[in-house]
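The values are calculated or read from the model by the stated rules, or taken from the named source; none is laboratory data. Source: prediction; values computed, not measured. When we count neighbours, we look across all protein chains shown, and the Cβ atoms used for this are built from the backbone with ideal geometry, even at glycine. Note: accessible area is taken over every heavy atom of the protein model, side chains too, but ligands, DNA and RNA are not part of it. Shrake-Rupley method; radii C 1.70, N 1.55, O 1.52, S 1.80 Å.
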Amino acid sequence: MSASLARISLGAAGLLLASLLAGCGPTPSATPTARSTPVPSPTASAAGPVKPDDVLFTVSANVRAKDGSTIAIKLTAHKPLPYSNSDVKDLQKEFIDACGAGVGGQPVTAETLAAYGSILMSIDLASSVKDKPFVYPLDTYVGRSNFGQSAKGPGITATEPTFPCYGNYTWSTSGSAHAVADFESGIPGPDLTLWRYAFYGFSVPFDSNATIEACKIDLTAAATAVVSGIDGWDPNAPQSGTTCGIGYAGE
């Protein structure tokens, strides 16, 4: 794990690829089944019950199960908290347990989080039904890999098993999952706006025979105040039939 904001530019190429996926074409029309599919509500996570007033933004869409039925999925990102906040203790433990000693990359400890000015963001993944395999596993973006992130839940798999906290994740089975995204200023003083330099959402390969339909992105006023004018954060940008996401598009 690096100790300076120089890592933002190092990760820009990967996020640019994700943003290019997000702009590949117009959103396909939702089918009647897709329109009638309920959008899931976030569920309680290891970090505690969802607090609606701490939500930053949501990314929701419809995907297909292998049996052809429609599954609504939703990513809910909450306002990040500095490592020193008493309300972040559960998130800190979850992140250290996932990314501590024995995991590829520099081990995460309470001391490293303090030294690098960490903020931790809680992210909920939810779906309208449980235990249904998706047509194709969803590439799931929950932060910025060069800072570190963790995700756990049924069907969640790290794309880089050797460095599970420094890559993305795939989501293969519907249900609920939880992620923690870490962002660091490089100095002991946290910067609560660093979450805007990441990408969040879902995609599938073009040749997967899977689709992501009825993409909808909602930013709260708190999120808009931080990301206004930053490339990649336009919730009205066109989405393709294989991606639904939002986030930093790079310089």
**Fill in**
From highest to lowest solvent-accessible area (probe 1.4 Å; ligands, DNA and RNA excluded), Lys74, Lys66 read Lys66, Lys74
**Message:** Defining a contact as two alpha carbons under 8 Å apart and six or more residues distant in sequence, what relative contact order in percent does the stretch 128-251 show?
**Reply:** 26
**Asked** Excluding ligands and nucleic acids, what accessible area in Å² is computed for Asp218 using a 1.4 Å probe, to the nearest 10?
**Response** 60
**Complete:** Given the candidates Ala115, Val135, Ser203, the one whose Cα lies deepest towards the positive end of the charge dipole of the stretch 94-251, counting +1 at each Lys or Arg C-beta and -1 at each Asp or Glu C-beta, is Val135
**Request:** For the pairs Lys74/Lys132; Lys74/Lys152; Lys93/Lys216; Lys89/Lys216; Lys79/Lys130, note any where the Cα-Cα span goes beyond 21 Å.
**Result:** Lys93/Lys216; Lys89/Lys216; Lys79/Lys130
**Message:** At 1.4 Å probe radius, can you tell me the per residue accessible area of the stretch 100-251 in Å²?
**Reply:** 37
**Asked** How much solvent-accessible surface does Trp171 expose, in Å² to the nearest 10, with a 1.4 Å probe and all protein chains in place?
**Response** 0
**Request:** Calculate what fraction, in whole %, of the accessible area of the stretch 118-251 sits on carbon and sulfur atoms when a 1.4 Å probe is rolled over the protein chains.
**Result:** 55
**Asked** Per-residue accessible area for Ser240 at 1.4 Å probe radius, Å² rounded to 10?
**Response** 10
**Prompt:** If we count every other residue with Cβ under 12 angstrom of Asn236's Cβ, Lys/Arg +1 and Asp/Glu -1, where does the sum land?
**Reply:** -1
